[in-house]
Amino acid sequence: METLDHIFEPFFTTKKQGQGTGLGLPVVYGIMKGHHGFIDVESKVGRGTTFSLYFPIPTQVIEAPAAPSGEIEIVRGRGETILVVEDKEPLREFVMTVLGDNGYAVLPAADGAEALEVYRKRRDDVALILLDMGLPKMTGAEVLSELKKITPGVKVIAASGYLEPEIKAGIFEAGASDFLPKPYRVVELLGKITMALKVGGH
């Protein structure tokens, strides 16, 4: 984590002297900032590192054509409230903007404890929860378990960039409505939400 806090600083490098300048990532970071985007980094020792680059999208409403048979239909929201649980602020703001531009009301939470606090206060309003599984303080699995205790039928879409097949299966067994891989694709995000809200209604 200490290394991740410095990787975009000019001349910071983990290589030995003479083997690297540490300018590569700061250059990429500068390009992304120039395009009003941002970079999300997920890393696990022994597993590898994933860099996700997010570029801004037009703020107009996405008007999706009728979906061919077998594909997910994207329907504009009608004010349904979605609780977005994501610890990385730029990513949380990105998702909130996408949902807000597409007709949804959004409640944000930066960690598991805050998510549970917000849900207990607003559970009658919340139609769906988008839950990142890699949260600080409480894991996504722990948050999901607590949410199910509060409201057994709560709709939760679990999101992660790292999830072993057996863990993913356990998330569904614990009651997740669907799974959304990260980095987010806007069409997939909206499609999963459309499908989850249609199942059983709200």
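Selection over the range 46-99 of residues that are modelled with pLDDT of 85 or more and either open to solvent by less than 40 Å² (accessible area, probe 1.4 Å) or assigned to a loop (DSSP other than H, G, I, E, B) (or both) gives a count of 19. The set of residues in the range 103-156 that are in a strand (DSSP E or B) and of a type in the set (D, E, K, R) contains only 132. The condition of being acidic (Asp, Glu) and open to solvent by 40 Å² or more (accessible area, probe 1.4 Å) holds for only one of 124, 132, 111, that being 124. Of all residues in the range 123-136, those that are farther than 17 Å from residue 149 by Cβ, at pLDDT 95 or above and not acidic (Asp, Glu) total 3. Mind checking whether some residue in the range 172-190 is open to solvent by 10 Å² or more (accessible area, probe 1.4 Å), closer than 12 Å to residue 85 by Cα, polar (S, T, N, Q) and without any contact (Cβ under 8 Å) to a residue 60 or more places away in the chain? So far as the range 172-190 goes, no, none of its residues is open to solvent by 10 Å² or more (accessible area, probe 1.4 Å), closer than 12 Å to residue 85 by Cα, polar (S, T, N, Q) and without any contact (Cβ under 8 Å) to a residue 60 or more places away in the chain. Across the range 157-171, the qualifying residues are those that are part of a loop (DSSP other than H, G, I, E, B) and surrounded by 16 or more Cβ atoms within 10 Å (Cβ to Cβ), and the one among them that is modelled with the highest pLDDT is 161.
The values are calculated or read from the model by the stated rules, or taken from the named source; none is laboratory data. This one's a predicted model, so the numbers in the text were calculated from it and none came from an experiment. Note that each Cβ is placed from the backbone with ideal geometry, even for glycine, and that neighbours are counted across all protein chains shown. The accessibility values were calculated without ligands, DNA or RNA, using every heavy atom of the protein model including side chains. Shrake-Rupley method; radii C 1.70, N 1.55, O 1.52, S 1.80 Å.
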